[in-house]
1. In square angstrom, rounded to the nearest 10, how much accessible surface does ILE190 have for a 1.4 Å probe?
2. For a protection proxy built on the mean count of beta-carbon atoms within 10 angstrom, sort 26-35, 153-162 highest first, please.
3. Give me the distance in nm between label points sitting 7 Å out from Cα along the Cα-to-Cβ direction at ARG188 and ASP71, one decimal.
4. I'd like to compare 100-108, 179-187: which one has the highest average count of other Cβ atoms within 10 Å, and what's the full order after that?
5. Give, rounded to the nearest 20 debye, the magnitude of the charge dipole that the range 116-216 has about its Cα centre when Lys and Arg contribute +1 at Cβ and Asp and Glu contribute -1 at Cβ.
6. Filter the cross-link list LYS49/LYS97; LYS49/LYS212; LYS49/LYS75; LYS70/LYS97; LYS49/LYS82 down to pairs whose alpha-carbon distance in this structure exceeds 28 Å.
7. Quick one: accessible area per residue over the range 104-189, 1.4 Å probe, rounded to a whole number of Å²?
8. How much of the accessible area of the chain, in percent, comes from carbon and sulfur atoms when a 1.4 Å probe is used?
Amino acid sequence: CYVFTPESYDTDGEARFPVLYWLHGSGGSSPASASQVVQRYGEAMRSGKTPPMIIVFPNGLPMGMWCDWKDDSVKLETVLIKDLIPHIDRSFRTLPKREGRIIEGFSMGGYGAARLGFKHPHLFAAVSLLGAGPLQPDFNEAPRAGPRGRDQVLSTVYGGDMGYYRAQSPWHLAEQNAEKLRSDLVIRQIIGDRDETLPFNREFKQHLDALKIPHT
């Protein structure tokens with residue numbers, strides 16, 4: 001992973017900081033993509049628009065989907081939840097509790113932020129989805145990846161098992177944990193009006209509305 005610390009982390013040696021876990025989209029993790037996010041958040045911190053925070057950029061592989069693969073060859077959820085979060089809390093001056101963590105992601109990372117935040121709401125105070133996908137209940141289409149990319153992901157990650165895909169999906173996890181998600185989890189969903197995943201994002205918003213899960 002890459003880790004960003006705000007300027008005040010060095011100037012105030014006693015202060016503790018909230019942590020934003022930022023999940024990348026398909027294609028993998030890179031210093032360039034992390035630096036773009038850091039630049040925007042850094043400017044917001046310096047201008048006082050957002051409080052100082054630590055930002056962690058895990059590596060979710062080019063098409064890892066931020067979940068444990070069905071064949072157990074890759075365990076991204078297990079590594080992030082059981083290994084990375086405790087490691088960050090040991091290694092940096094964090095606020096090591098639910099109220100000190102946000103999870104956010106773009107595209108595949110938005111899917112990951114939703115599924116991890118909805119499955120583990122005891123670990124995160126807020127979940128932010130940016131152009132997230134796939135959010136649909138069935139993985140029959142993949143507007144960004146196309147049919148060949150969809151088939152490859154379904155086979156590699158989910159073992160060709162649509163039932164396993166559904167069990168991992170934010171759609172199902174919202175249903176499963178609706179009562180917990182209605183309490184004090186802040187949920188933000190952002191999607192552009194020219195984004196190819198807009199229809200599925202609209203359906204997901206309607207799904208959250210039907211479940212009476214508050215979100216912005």
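The values are calculated or read from the model by the stated rules, or taken from the named source; none is laboratory data. Everything quoted here is computed from the prediction, not taken from an experiment. Here the Cβ is made from the backbone with ideal geometry for all residues, glycine too, and neighbour counts use every protein chain on show. For accessibility, only protein heavy atoms count, side chains too; no ligands or nucleic acids. Shrake-Rupley method; radii C 1.70, N 1.55, O 1.52, S 1.80 Å.
1. So the heavy atoms of ILE190 present about 80 Å² to solvent.
2. On the way: 26-35: 14.7, 153-162: 16.9.
Put in order of decreasing packing, that is 153-162, 26-35.
3. Going by the 7 Å Cα→Cβ label model, 3.9 nm.
4. Averaged packing, sorted descending, gives the order 100-108, 179-187.
5. 180
6. Among LYS49/LYS97; LYS49/LYS212; LYS49/LYS75; LYS70/LYS97; LYS49/LYS82, the Cα-Cα distance tops 28 Å for LYS49/LYS212; LYS49/LYS75; LYS70/LYS97; LYS49/LYS82.
7. Counting only protein heavy atoms, the per-residue value for the range 104-189 is 40 Å².
8. 52
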